[in-house]
Amino acid sequence: MIHWSAAGRVTAVLAAVLAAATSPTAATAAEGVEPVRVSDAGGLAEALRDAGPGTIIELAPGTYGRGPHAADVRGAAGRPVVVRSAEADRPAVFEGASVQFSDPAHLVLENLVIRNAPHNGLNIDDGGSRASPAHHLVLRGLVIEGTGPGGNKDGIKLSGVDDFLVERCVVRGWGGGGGSGVDMVGCHRGLFHRCRLQGQSGTPSHGIQAKGGSSEIVVRRCRLVDAGDRAVQFGGSTGLKYFRPPGAKYENRRSLALGNVVIGANAAVSFVGTEDSAFLYNTVVRPRRWVLRILQEQRAEGYLRCRANTFAHNLVVWQKGDLHRFVNVGSDTHPDTFTFAENLWYQVGGPVEASTPRLPARETGGVYGVDPGLSDLADPGAPDEAHKAFGHTAPGEEKAWRKTARPLVEWAAGAIEPPS
């Protein structure tokens, strides 16, 4: 079991997580490889069928009316298959079409646009073999917008994917009838880094969701704006036959949101049937109903009940009338096992008592009713010097990344920076 201290440290790190990580160079294309250049959907489909370790496929600028639905596209450690736009400033656009990869391995998708897909924008899965996941994937510089726009349609859908990085991607607008900007089912050891999600305010959708046996998911330095009902959700409600790995008895475990900015949404973070997960060093601005939710939606016998999660070192700012209550606690949960520590809570212009949250467990080191000095609530930067220990710009965020988060996602972290 991993325990989160108030300083965001892990006192027991899973040896199995580190043992499972492979070389971070798996995310890097081989130098000196002559790219395969394509300019239409048919050429792309053919290139993907022929692809093997080290293949680089470059898409000419333009609109591709049909997205690829490819199976078993597999590179190798240090020699991934790379699919990218030939010109980053004029990316290839998949218009009105979804993109799907089934059972890939060592695959990089880079600088592509997926627009107005009627179903999920980008779909990556394990091909239905729940015991053998897709693995070692990098999604970098993708723009996915206008997915759905109604119904349970996701910008990015990942099912049965292990060891992956999603970096500097933008997801704008996704299914407002229960969809998510990013929806993960049975995914493990994944890192979201410097992504931006812009949702549809007031819709029953989610921003980033990890459920169905997911674990070791890290969301770091991302910006989520009006990301529907629940901006970040660890856990959820998944049909039992979809859990990965088979036999998992939890929706989510050991996941972390660190150093993010969350603006709007009905709740900044929802812990739903998860344990040992944490929301640390985030800046939360104007949540519309609650700051956080503690829920249990998976009611099957023998499955983990929501417990032992942490909310610490966050900066939370709202205006009068924004909040229905600070925390929404559902039935069949264990809110008394949560840790609340060293958060700054501030209602703009309100008295101290209006900024003092009613929490289901005692908070240690909280600061209430003190203006942190954010210059712009629509684009919050650092607080003033006296309150620099709180929120996404706090010096402690980097330390928490090194000691707490990075060990959970070592392969993905190695794809963006040297090993620590």
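The values are calculated or read from the model by the stated rules, or taken from the named source; none is laboratory data. Just so it is clear, the model here is predicted, and its values are computed rather than measured. Neighbour counts are summed over all protein chains in view; Cβ atoms, including those assigned to glycine, are modelled from backbone coordinates with ideal geometry.
Being in contact (Cβ under 8 Å) with a residue 12 or more places away in the chain, closer than 20 Å to P133 by Cβ and not in a helix (DSSP H, G or I) holds for only one residue in F101, F94, and it is F101. Scanning region 32-60 for residues that are among the acidic types (D, E), closer than 13 Å to S85 by Cα and assigned to a loop (DSSP other than H, G, I, E, B) yields a single hit, D40.
Selection within region 235-254: residues that are in contact with a Ser or Thr (Cβ under 8 Å, 6 or more places away or on another chain) and in contact (Cβ under 8 Å) with a residue 60 or more places away in the chain. The member of this set that is surrounded by the most Cβ atoms within 10 Å (Cβ to Cβ) is G235.
When only residues in region 189-216 that are buried (at least 24 other Cβ atoms within 10 Å of the Cβ), on the phi < 0 side of the Ramachandran plot and part of a loop (DSSP other than H, G, I, E, B) count, which is modelled with the lowest pLDDT? Among them, the one singled out is S205. Is it the case that region 354-364 has a residue that's under 30 Å from R189 (Cβ atoms) and within 20 Å of the chain's Cα centre (by Cα)? Checked region 354-364: no residue is under 30 Å from R189 (Cβ atoms) and within 20 Å of the chain's Cα centre (by Cα). Within the span defined as region 316-331, one or more residues are buried (at least 16 other Cβ atoms within 10 Å of the Cβ) and polar (S, T, N, Q). Figure legend. Inter-residue proximity from region 124-150: first residues in a strand (DSSP E or B), second residues at pLDDT below 95 and of a type in the set (D, E, K, R), beta-carbon distance below 7 Å, spacing 6+ or different chains. No pairs are indicated. Is there a residue in region 217-226 that is without any contact (Cβ under 8 Å) to a residue 60 or more places away in the chain, of a type in the set (A, V, I, L, M, F, W, C), under 9 Å from A265 (Cα atoms) and buried (at least 24 other Cβ atoms within 10 Å of the Cβ)? Yes, the conditions are met somewhere in region 217-226.
There is at least one residue in region 171-179 that is in a loop (DSSP other than H, G, I, E, B), without any contact (Cβ under 8 Å) to a residue 40 or more places away in the chain and at positive phi. Scanning region 166-188 for residues that are surrounded by 24 or more Cβ atoms within 10 Å (Cβ to Cβ), within 22 Å of E410 (Cα to Cα) and not acidic (D, E) yields V166, C169, V182, M184, V185, G186, C187, H188.
Select from region 259-282 the residues that are part of a loop (DSSP other than H, G, I, E, B) and surrounded by fewer than 24 Cβ atoms within 10 Å (Cβ to Cβ) and list them in ascending order. Spell out the reasoning first.
Within region 259-282, the subset part of a loop (DSSP other than H, G, I, E, B) is 259-260, 264-266, 273, 276-277, 281-282.
Across region 259-282, the qualifying residues are G264, N266, D276.
The single condition from (1) modelled with pLDDT of 95 or more; (2) part of a loop (DSSP other than H, G, I, E, B); (3) under 23 Å from the mean Cα position of the chain (by Cα) that H119 fails is (1). When region 274-311 is limited to residues that are over 19 Å from D336 (Cα atoms) and among the polar types (S, T, N, Q), the one that is farthest from the chain's Cα centre (by Cα) turns out to be Q298.
Restricting region 67-83 to residues that are more than 14 Å from G43 (Cα to Cα) and not small (G, A, S) leaves a set whose member that is surrounded by the fewest Cβ atoms within 10 Å (Cβ to Cβ) is D72. Taken over region 358-394, the residue count meeting the criterion of being without any contact (Cβ under 8 Å) to a residue 40 or more places away in the chain, of a type in the set (A, V, I, L, M) and in a loop (DSSP other than H, G, I, E, B) is 4.
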